[in-house]
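Novice: A single structure is presented below for examination.
The values are calculated or read from the model by the stated rules, or taken from the named source; none is laboratory data. Please read these numbers as outputs of a predicted model, since none were measured by experiment. Positions of Cβ are generated from backbone atoms using ideal geometry, with glycine treated the same way; all protein chains shown enter the neighbour counts.
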Amino acid sequence: MPGAIPSSLGTTGSFENTPIFDGTGKKPSDADVQKSLFHKGELSFGVVLGFCTGYLIKKVGKLFALAVGAGFIFLQYMSFKGFITVHWDRLEGGYKRQLNVDENGQVTHKDVRTKWNSLVGILTHNIQFKSTFLVGLYTGIRYG
């Protein structure tokens with residue numbers, strides 16, 4: 001009967017000698033258990049995908065930082081020369097609206113962590129090799 005407590009449990013509550021039921025009535029061998037717990041293909045596939053994604057995030061992040069820095073210098077130069085007036089308070093308001101998750105008026109470490117967790121959630125949605133992917137992602141960001 002599925003879901004029933006095995007009679008081999010006894011009165012001690014120990015599961016040491018309890019057989020694993022797979023519907024066939026026979027206990028799986030140690031080789032079968034090891035085979036199902038560790039998949040080399042998934043390990044390498046997850047790490048490679050994670051590394052490539054981390055590498056891309058790092059390179060795109062550097063390009064984004066370059067564009068923001070160059071844009072700031074350009075705006076400051078144009079403002080200094082009197083060609084334009086920059087409303088930094090409006091730009092800061094847009095920045096805070098995008099990143100201020102808890103709406104306390106400040107962008108804190110908690111807000112950035114929430115955005116990062118959201119990105120990781122998107123990247124690891126519906127994949128079976130999340131842990132190896134995240135190892136590869138970290139490696140790609142760190143060494144890419």
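Novice: When you scan the stretch 57-103, how many residues do you find that are without any contact (Cβ under 8 Å) to a residue 60 or more places away in the chain, basic (Lys, Arg) and within 25 Å of residue 140 (Cβ to Cβ)?
Specialist: The total comes to 1.
Novice: List pairs: first in the stretch 106-118 and under 16 Å from residue 95 (Cβ atoms), second modelled with pLDDT of 85 or more, Cβ under 7 Å, 6+ apart or cross-chain?
Specialist: The qualifying pairs do not exist here.
Novice: Moving to a separate point now. Can you give me the number of residues within the stretch 121-144 that are modelled with pLDDT of 85 or more, surrounded by 12 or more Cβ atoms within 10 Å (Cβ to Cβ) and assigned to a helix (DSSP H, G or I)?
Specialist: So the count comes out to 10.
Novice: Further, regarding this structure: If only one of 86, 112 is assigned to a loop (DSSP other than H, G, I, E, B), surrounded by 11 or more Cβ atoms within 10 Å (Cβ to Cβ) and at pLDDT 80 or above, which one is it?
Specialist: 86
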